[in-house]
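Read the structure below first, then the notes.
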Amino acid sequence: MLHPDSVAARFFDKIVIRHPLWVIAFILCIIATLGYFSKDFKIDASAETLMQENDESLRYSREITARYGIEDSLFIAYVPQADLLSDQVLGRIARLRDEIKAMERVASVITILDVPLLESPPMPISELAGELRTLASPDVDQELARIELQTSPLFQNLLVSPDLKTTAIQVNFKIDNVFQDLTRRRDQFRDKAAAGGLTDEESVAYDQIVSNLDAHNELWNQTRHEDIAHIRAIMDTYREDAGLFLGGISMIADDLVSFVKNDLQVFGIGVFFFLILTMGIIFRKVRWVVLPMICCSFSAIAMLGLLGLSGWKVTVISSNFISLQLIITMSYTIHLVVRYRELLTRNPHSDQRDLVGETVRLMLVPIVYSAITTIAGFGSLVSCDIVPVVNFGLMMMAGIAVSLTLTFLFFPAGLVLFKKTAPPSAANTSHSLIMFLARLTESRGKWILVTCAIAFFFSVIGISRLVVENSFINYFKQSTEIYQGMKIIDQQLGGTTPLDVIIDFDDEPSPVSELTEESVVPDDEFDEFDEFDEVGADRSNQYWFTPYKMMKVLEVHDYLNGLQETGKVLSLGTMMKIATKLNSGKPLDSFELSLVYNEIPDDYKALLVKPYASVEKNEVRLSLRVRDSEKTLRRNELLNKIRHDLTTKLGYPEKNIHLTGMMVLYNNMLQSLFKSQIETLGIVLLALMIMFLLLFRSFHLAIIAIFPNLLSIGVVLGAMGWMNLPLDMMTITIASISVGIAVDDTIHYIHRFKEEIKIDGNYIQAMHRSHESIGYAMFYTSVTVIIGFSILVLSNFIPSILFGLLTGLAMLIAITSALTLLPALIILIKPFGPEGQRV
């Protein structure tokens, strides 16, 4: 409780309560200003925002992307009602391809009409330099083409499904050279800064590059969103006689933003009205609905404006911060409402200003204590090395400060303007749930302790079952179009999440020494092929493709292709399998490999060779896509298995194997998240202990206060483990959320208990009085939030559903433990002295 002569008490008395209209006008000016800047509030779900900037895998991935010219791609699954190879269907595919190819930022579109058919009928290797057949060629054999499409190592599970009822249209966007250049220059400055520091001029240049990169990323996200919307609009005109589904990593990222924005808008409004309804039912007066909801609205608008003003982007990880701020603000206002009503009942003849002033003096300290401790809990996220998680922690810390300030300025100023009403009618509380829990704690205190211990024990077992996974397809309900499209592409067309395996070759003997006597061919034997040679062709490249290297590539290719979790695998091994079939099933020798390299047209060399080999670096790239919908998929285990098997089973030195691509980057992010959460959980609990010691100035009370928080964290995480809900980028912060919710109830209850125990020193009676006062505020807050957020179960976005359910569970555990376990421990340990001793 504030001392009446304290600075804070005089501020509220002299300014907020005496001049409420001026205070409200001041707040409205601030909210109007910040509300204007809220238009700049942005959500960013691009892959860049989720990566660890100090992750060497990220830098290596960028190098590989630049080296091999890897393009950002989308896939359209086209499922015609008629036969896939009928003239009608092929004609519609051609028109769809041409419309998309005409888009400004599209580099190429690959369909079954554009790929070479080498076995329809079969053609010898020596004819590869000529005009290759496609499905559009007049002399192509349709039946042989059907067989080739189904059996070719290039087309199967990539451009066509095994049953030939679905085909893929690959849309390749132009390479973003500006991003690659800005990223390279930024990384150079970072390396120099880490090595020895930057000069003043270099620091200015670095800041400018970072600013340009942020602006470019924002523009890129916007243009990619427009491109995806345009492609979908084109697809809509072809749905009459075919099913069309869009897939690809950039599409997933863009749709994540759309789903999050939609849930923030649609369900944000729904939650708002659910909260209004619940508050109306509980308090049955307009003022107790209007004041809290205005406080919540102002807090949300203020934070959105601050984020827009500062350019602080919200990612999918931090997208729930507004909902959490709503919970915290609602808690503050409900505690003020309940305390005011309690004072009004006790002092019905007091002046309205006195009642409001007394409410503020009594509740400021416990609410500030609660806010500081909650800030400390979310502050633990700052220790993580993933920027979006750090930003989430900082956003919550700032959001709590904003909510605290606005609530204690607007609520008392607004309440003073209302006329004092008659005291609320005294309800019979003897049969209420709150008092039932009080009587249960009194009579079954030890049973409660045992039950909580058992619950915590099973929670620990559940936590041990937790897995860290990130399955994009499981973010959406099965009834949604995005889920159905992702599943078709994932299961029928080669998988979703890209993974690259890079193999470095050690130096070999001179290529000449590798040639067998049979494979040495006189120079004049090449003469008949000279007409196909490019002018100025790099003859050294062709000799890099040796039988030894190709054998090693095929070995790794077949291994990766045999894994249950992998979809399509593309590499030089793909070309080798095709060439071997054209060579009557015989492996190619050095001469034939050189011949294939020289004779294949540039268009198809860019498709089959250049993306999978770097002669300069003496390395090969095997590109595969992982089936995201595979039930048994464990991404970290799969990556470790590939590394292990390539070294122990296939004999590659560990230094020669590199895994990269989006799957590796996301996995690194998730593993770092999990590690940081586990490591910081102990730090959080230690920080809470220190905060409790400072607040309560009692070691015993600090120990008592920590147990409800442990139980809340344990039960929520344990429930996730038992229900096989993975920790991913959307649920990884639930531990911090649980702490933030549980701390509030713990502090409020102990603070009120300290007041009640002073009356008669009777722990049981103090517990009953605490339940009958602060217990109702805690209960009303929990019920309001649980009911309000239950509407999220109607979302099509699974993370929103899980957030609503897990938040509700955290609130339920927090209120239950605060009204049973916490008083049971206080009665058992007696931290305020022996029974009957006045404190």
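The values are calculated or read from the model by the stated rules, or taken from the named source; none is laboratory data. Worth saying up front: this structure is predicted, and the values here are computed from it rather than measured. Virtual Cβ from ideal backbone geometry, glycine too; neighbours counted across all protein chains shown. Just the protein is used for accessible areas: all its heavy atoms, side chains included, with ligands, DNA and RNA removed. Shrake-Rupley method; radii C 1.70, N 1.55, O 1.52, S 1.80 Å.
Data table
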read-out	value
Alpha-carbon Rg with Dmax, taken over the chain, Å	33.1, 116
Kyte-Doolittle mean at least 0.5, axial Cα span of 30 Å or more - DSSP H helices of the chain	287-310, 321-346, 352-379, 387-417, 662-696, 699-722, 798-819
Under-5 Å amide H pairs with GLY761, H placed in peptide plane, nonlocal only	VAL839
Placed amide H near VAL160: partners under 5 Å, 5+ positions off or other chain	ALA168
Unsatisfied cross-links (Cα-Cα over 19 Å) in the set LYS101/LYS261; LYS313/LYS675; LYS165/LYS605; LYS577/LYS605	LYS101/LYS261; LYS313/LYS675; LYS165/LYS605
Structure-based [θ]222 nm, the chain - -39500 (n - 2.57) summed over DSSP H runs of at least 4, per residue, nearest 500	-20500 deg cm²/dmol
Cα→Cβ-extended label distance, 7 Å offset, between ALA66 and ASP602, nm	2.4 nm
Loop-located GluC sites (Glu not before Pro) in the stretch 171-244, at most 11 other Cβ atoms within 10 Å (DSSP)	GLU240
Within the accessible area of the stretch 541-596 (1.4 Å probe), percent carbon and sulfur	54 percent
Added length on full extension, which subtracts the Cα-Cα distance from 0.36 nm per residue, VAL140 to ALA107	9.2 nm
Gain in span if fully extended, ASP558 to THR451, counting 0.36 nm per residue against the direct Cα distance	33.1 nm
LEU828 versus GLN484: modelled label distance in nm, points set 7 Å from Cα along the beta carbon direction	5.5 nm
R0 of 56 Å, Cβ-Cβ distance LEU694-ASN172: FRET efficiency to nearest 0.05	0.40
Span from the the stretch 172-250 Cα centroid across to the the stretch 384-405 one, whole angstrom	26 Å
Gain in span if fully extended, ALA401 to HIS644, counting 0.36 nm per residue against the direct Cα distance	82.6 nm
Mean separation of Cα contacts under 8 Å, 6 or more apart, over the residue count of the stretch 643-776: relative contact order %	18 percent
Average Cα contact separation per residue, the chain, under 8 Å, 6 or more apart, as relative contact order %	20 percent
Reachable lysines from LYS830, criterion Cα separation under 25 angstrom, eight or more residues apart if same chain	LYS446, LYS754, LYS758
Solvent exposure ordering (accessible area, 1.4 Å, most first) of ARG190, ARG133	ARG190, ARG133
Efficiency of FRET from Cβ geometry, LYS617 and LEU198, R₀ 22 Å, rounded to 0.05	0.15
For the chain: accessible area per residue (Å², 1.4 Å)	42 Å²
Peptide ranges 138-145, 754-761, 496-503 listed from the most packed, as the mean C-beta count within 10 angstrom indicates	496-503, 754-761, 138-145
Residues with amide H under 5 Å from that of GLY248, placed H, sequence gap 5 or more	PHE75
Peptides ranked, highest mean first, by Cβ atoms within 10 Å: ranges 348-357, 807-816, 714-723	807-816, 714-723, 348-357
Calculated FRET value between LEU309 and LYS610, using beta carbons and R₀ = 60 Å, to 0.05	0.80
Accessible area, probe 1.4 Å, largest first, for residues LYS552, LYS420	LYS420, LYS552
Whole-number percent relative contact order across the stretch 63-179, with pairs defined as alpha carbons under 8 Å at least 6 apart	41 percent
Qualifying GluC sites (Glu not before Pro) in the stretch 597-662, DSSP loop, other Cβ atoms within 10 Å at most 12	GLU616
Area of SER629 that stays accessible when all protein chains are in place (1.4 Å probe, Å², to 10)	30 Å²
